[in-house]
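Novice: Have a look at this one.
The values are calculated or read from the model by the stated rules, or taken from the named source; none is laboratory data. Bear in mind that the values here come from a model prediction, so they are computed numbers and not experimental data. Quick reminder, even Gly has a Cβ in these numbers, built from the backbone with ideal geometry, and neighbours come from all protein chains shown. For accessibility, only protein heavy atoms count, side chains too; no ligands or nucleic acids. Shrake-Rupley method; radii C 1.70, N 1.55, O 1.52, S 1.80 Å.
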Amino acid sequence: MGRGVGRTALIDLLAGPVLPAARGLLGCLLSAGGVTVRITEVEAYAGTAGDPASHAHRGRTPRNAVMFGPPGYAYVYFTYGMHWCMNVVTGPEGEASAVLLRAGSVESGLTLARERRRSTVDRDLARGPARLCSALGIDRTAYGVYLLGDGPVRLSPPASPVPASAIESGPRVGVNGAHDRPWRFWIAGDPTVSPYRRHAPRTR
């Protein structure tokens, strides 16, 4: 995305392949519930296109239906019986690719974010996908919301794009399939990026 192109470039970005979309989402602003975060870490999921870690890998279900497009909508899901996580739907309609928002830095609404998270450690307020949703007050009501309009959850382009030289990539976190695929992207050196932990299958 070039400087000054803004929303149109963001729409085009999300309509394209998931890996460039994931990189391009770094630095974007996500606003909800009186809080705005700058996205610092994401993970790409390719849907039915040979990605066993994707929720859409086995096809369309009532839970993942929004992942099949069109792009620019929120896919929100509940995990471990206690946490909400949010993805941005990308790619051509029908492909079911999406980008998980893993971490962000709180840019405005700091007091609200602290209250929701019951924390004053600012770098941890939205560090991790569940914490990010908690800080923003995102829950099941955000499922299927169009993010590029004037709805309750809004995605905005950055004032300037994150340089490619400032973006690092590595394995995805906490997934059963294809966990070594380097489809996690983050802003190098940003303190809000979550620490990497290789997935370890549960033992009985």
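Novice: Here are the criteria: (1) without any contact (Cβ under 8 Å) to a residue 40 or more places away in the chain; (2) in a loop (DSSP other than H, G, I, E, B); (3) in contact with a strand residue (DSSP E or B) (Cβ under 9 Å, 6 or more places away or on another chain). Tell me which single one Pro62 does not satisfy.
Specialist: Exception for Pro62: condition (3).
Novice: May I pose another question? If Ala142 meets every condition in (1) in contact (Cβ under 8 Å) with a residue 12 or more places away in the chain; (2) more than 17 Å from the chain's Cα centre (by Cα) apart from one, which number is that one?
Specialist: Among (1) in contact (Cβ under 8 Å) with a residue 12 or more places away in the chain; (2) more than 17 Å from the chain's Cα centre (by Cα), the lone unmet condition for Ala142 is (2).
Novice: Any idea which of (1) at positive phi; (2) touching a helix residue (DSSP H, G or I) at 6+ places or on another chain (Cβ under 6 Å) is the one Gly69 doesn't satisfy?
Specialist: (2)
Novice: Where residues in the range 41-92 are in contact with a Lys or Arg (Cβ under 7 Å, 6 or more places away or on another chain) and of a type in the set (Asp, Glu), which of them is surrounded by the fewest Cβ atoms within 10 Å (Cβ to Cβ)?
Specialist: Glu43
Novice: Might you let me know whether the range 16-31 holds any residue that is in a strand (DSSP E or B) and buried (at least 24 other Cβ atoms within 10 Å of the Cβ)?
Specialist: Yes, the conditions are met somewhere in the range 16-31.
Novice: Write out, first by first residue and then by second, each pair whose Cβ atoms fall under 8 Å of each other, whose residues are 6+ apart or on separate chains, and whose first residue, in the range 6-31, is free of Cβ contacts under 8 Å to residues at least 24 places away in the same chain and of a type in the set (Asp, Glu) while the second is open to solvent by less than 20 Å² (accessible area, probe 1.4 Å) and outside any helix (DSSP H, G or I).
Specialist: none
Novice: Right, another one. Go over the candidates Ala44, Ala56 one by one and state the one that is more than 24 Å from Gly137 (Cβ to Cβ), in a strand (DSSP E or B) and not basic (Lys, Arg).
Specialist: Unique residue meeting the criteria: Ala44.
Novice: Is one or more of the residues making up the range 113-133 within 16 Å of the chain's Cα centre (by Cα) and among the polar types (S, T, N, Q)?
Specialist: So far as the range 113-133 goes, no, none of its residues is within 16 Å of the chain's Cα centre (by Cα) and among the polar types (S, T, N, Q).
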